[in-house]
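Okay, structure first, notes after.
The values are calculated or read from the model by the stated rules, or taken from the named source; none is laboratory data. Remember, it's a predicted structure, so these values are computed and weren't measured experimentally. All Cβ positions, even for glycine, are placed from backbone atoms using ideal geometry, and neighbour counts span all protein chains on display.
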Amino acid sequence: MPAFKLTLPVLALVLLPAAAAAGGKYGTTARLTSASTSSVVKLLETGFADCRAQLPKAYRYDCYRSVYRRARQRIRGSEDYAAADQALALVQKTLEQAVAQNADPAKPRIRQGLTRYRAIQVTALPAVKARTDAALQEAETLLLRASGRRQSHYVRIARAVGSNKLLLRTALRFLGWRLGFA
């Protein structure tokens, strides 16, 4: 027993600094690779579409926020994806603010899988959609400005953001028609 107690601290001293150094600021090891980029793109495309398909309108924006947060987790801390992380953070933070400012206290949180989502007020939907659309547009523009070896990867992420923007705009037109705004 005493030998185990002595070796465990030694292992921790050796392995923890090495793991931290390999992972960067937040422990991610995402490098500029096709697999890393594909992982982010797939999450943005399928996650956003799943939010639309599986949740009532009032809950979707908190779901979209979660999708962008999870996408950022896949690349956060990587110097190769630093500008992409900033672009995705713009969308995530816009959604966080919109959901917080327009939360509907009358509606309960709903669970999808392990995540719980908050609803926003139905009357705030057009304004929140407009804010989200603007953030998606800005993020797409930031990603498309990438140059050098990052360009092809960032363009793929920008396309996924643009796809989300298109889905949102389609929903915005439909909602405007239904509420009499169009």
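Is it the case that A127 is among the aliphatic types (A, V, I, L, M), assigned to a helix (DSSP H, G or I), touching a residue at least 24 places away in the same chain (Cβ under 8 Å) and exposed (fewer than 15 other Cβ atoms within 10 Å of the Cβ)?
Numbers: among the aliphatic types (A, V, I, L, M): yes; assigned to a helix (DSSP H, G or I): yes; touching a residue at least 24 places away in the same chain (Cβ under 8 Å): yes; exposed (fewer than 15 other Cβ atoms within 10 Å of the Cβ): yes.
Spelling it out, A127 is indeed among the aliphatic types (A, V, I, L, M), assigned to a helix (DSSP H, G or I), touching a residue at least 24 places away in the same chain (Cβ under 8 Å) and exposed (fewer than 15 other Cβ atoms within 10 Å of the Cβ).
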Identify the residue in the stretch 130-172 that is hydroxyl-bearing (S, T, Y) and within 30 Å of A58 (Cβ to Cβ) and, among all such residues, is surrounded by the most Cβ atoms within 10 Å (Cβ to Cβ). T132
With respect to E138, determine if the residue is out of contact with any Lys or Arg (no Cβ under 8 Å at 6 or more places or on another chain), modelled with pLDDT of 95 or more and in a helix (DSSP H, G or I). yes
From the set of residues in the stretch 67-84 that are part of a helix (DSSP H, G or I) and either of a type in the set (F, W, Y) or in contact with a Gly (Cβ under 8 Å, 6 or more places away or on another chain) (or both), which is surrounded by the most Cβ atoms within 10 Å (Cβ to Cβ)? Y68
Going by what's in this entry, would G47 be described as assigned to a loop (DSSP other than H, G, I, E, B) and surrounded by fewer than 21 Cβ atoms within 10 Å (Cβ to Cβ)? no
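Condition test on Y61, is it under 23 Å from K129 (Cβ atoms), surrounded by 24 or more Cβ atoms within 10 Å (Cβ to Cβ), of a type in the set (S, T, Y) and at pLDDT 95 or above?
Numbers: under 23 Å from K129 (Cβ atoms): yes; surrounded by 24 or more Cβ atoms within 10 Å (Cβ to Cβ): yes; of a type in the set (S, T, Y): yes; at pLDDT 95 or above: yes.
Yes, satisfied.
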A careful count of residues in the stretch 61-113 that are among the charged types (D, E, K, R), touching a helix residue (DSSP H, G or I) at 6+ places or on another chain (Cβ under 6 Å) and in contact (Cβ under 8 Å) with a residue 40 or more places away in the chain gives 3
